[in-house]
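For reference, the structure is listed below as structure tokens.
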Amino acid sequence: MAIADVHDDLDTRSELSASGPIGAGTWLAIGAAAGVAGLLPWIITGMRLPLQNLWSTNTMPGDMPIGLLPLTQYTTVTVAGYIVAGSVAAGIIARATRARQGRRGFLALAAGALLVQLIAIVQSLAVIGAGLRPGRESLIYLAALVAVVIVSLAIGVLALLLIGKAPRAGALIGLGIGALAVTWWLEALIAAPFSLTTPLQSTLLGLMRWLPAILCGVAIAWTGIASAGRIIAAIVVVVVVTITPVVVTAIVNATGSRVLARYPAEMLQVGVEVFRAAIQQVQVTVVPPIVIAVVAAAGLTLKAMLRRKRATPASRAASKTL
């Protein structure tokens, strides 16, 4: 197997340019910055919590308390985007700088990102828990929010580990997760949750539907398909990037109804029906894999052309020495 198939291009370049390991404190700060970057679309809105259905008092939107995450039943996807995108950013930084991390660099970087995310999660849950009216419904609602952030945090940690530490096949899966999270992050950056959108914003949000497939294709081109593991990873990523938006659509439609909130069985039924309807649409389940394949093929072709171009002068120089 060629050396290029074993070592990452980014890793090789960083090894050549590294001047020595960076201290753990610096990596902690870099990881924290990645975590903050994940929260950036929410930070620039002022971070007023969205109105809560079970709030104990009648409160105007501008009088809601500050929350580091916009936790409600309507923003589960957005919150996941904030958390996972920050972890993905930390993972990309970690992979690009492995030669300068030393023994504790990666752990410090990951800890910095997780620390920011945990602070945001705990603060937001504490504020919401204090403001909800007493009762069983509020406890169930708060438990559901806790489940959302725990799942989001776990997915973010998985993506960070895969991108930052795994071989290219594993990194590809992490980047596939990142493609979805970055799209949700950008959607929140374009239009804040519960805000009115301009025609330009609506157009940009419409274009965002193609971004996961494009990013996935770029990731496959970077990874390559030179081994069985990478081929399997590429297939997994195509399935994940294609099916996840369908699942998300079903969840959003099911959980976004106040009427269904008291009827879990009916909520589940609505979600299943929406999923079945969405999965049958060609533009949802057929077009994204085609886009991924086209982008990946273009990227792989470009890589092959550049490789041949770099190899030609070397072969000429070798022939002159013979």
- Message: List pairs: first residue in segment 94-110 and touching a residue at least 12 places away in the same chain (Cβ under 8 Å), second residue of a type in the set (V, I, T) and surrounded by 17 or more Cβ atoms within 10 Å (Cβ to Cβ) anywhere in the structure, Cβ distance under 6 angstrom, at least six positions apart or on different chains.
- Response: R95/I163; R100/I22; L109/I30
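Given I290, I231, I235, which one is surrounded by fewer than 18 Cβ atoms within 10 Å (Cβ to Cβ), within 20 Å of the chain's Cα centre (by Cα) and at pLDDT 85 or above? Break it down into steps so the answer makes sense when it comes.
Values: I290 fails: within 20 Å of the chain's Cα centre (by Cα); I231 fails: within 20 Å of the chain's Cα centre (by Cα).
Only one candidate passes the filter, namely I235.
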- Item | Subset of segment 94-152 (residues that are within 20 Å of the chain's Cα centre (by Cα) and of a type in the set (F, W, Y)) | F106
- The one condition in (1) surrounded by 18 or more Cβ atoms within 10 Å (Cβ to Cβ); (2) outside any helix (DSSP H, G or I) that L175 fails to fulfil: (2)
- Message: Let me spell it out: the conditions are (1) more than 28 Å from L49 (Cα to Cα); (2) modelled with pLDDT under 95; (3) not hydrophobic (A, V, I, L, M, F, W, C), and G131 meets all of them except one. Which number is the exception?
- Response: (1)
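Restricting to segment 135-171, name every residue that is free of Cβ contacts under 8 Å to residues at least 12 places away in the same chain and assigned to a helix (DSSP H, G or I). If you could, list the steps in order and put the result at the bottom.
In the first step, residues of segment 135-171 are kept if they are free of Cβ contacts under 8 Å to residues at least 12 places away in the same chain; the result is 136, 139-140, 143, 147, 150, 154, 166.
Hits for segment 135-171 are R136, L139, I140, A143, A147, I150, A154.
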- Message: Of everything in segment 183-212, what is surrounded by fewer than 24 Cβ atoms within 10 Å (Cβ to Cβ), closer than 23 Å to I231 by Cα and either touching a residue at least 60 places away in the same chain (Cβ under 8 Å) or of a type in the set (G, A, S) (or both)? Give them in sequence order.
- Response: W210
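The values are calculated or read from the model by the stated rules, or taken from the named source; none is laboratory data. Since this is a predicted model, take the numbers as computed values, not measurements. All Cβ positions, glycine included, derive from the backbone under ideal geometry; neighbour counts span all protein chains shown.
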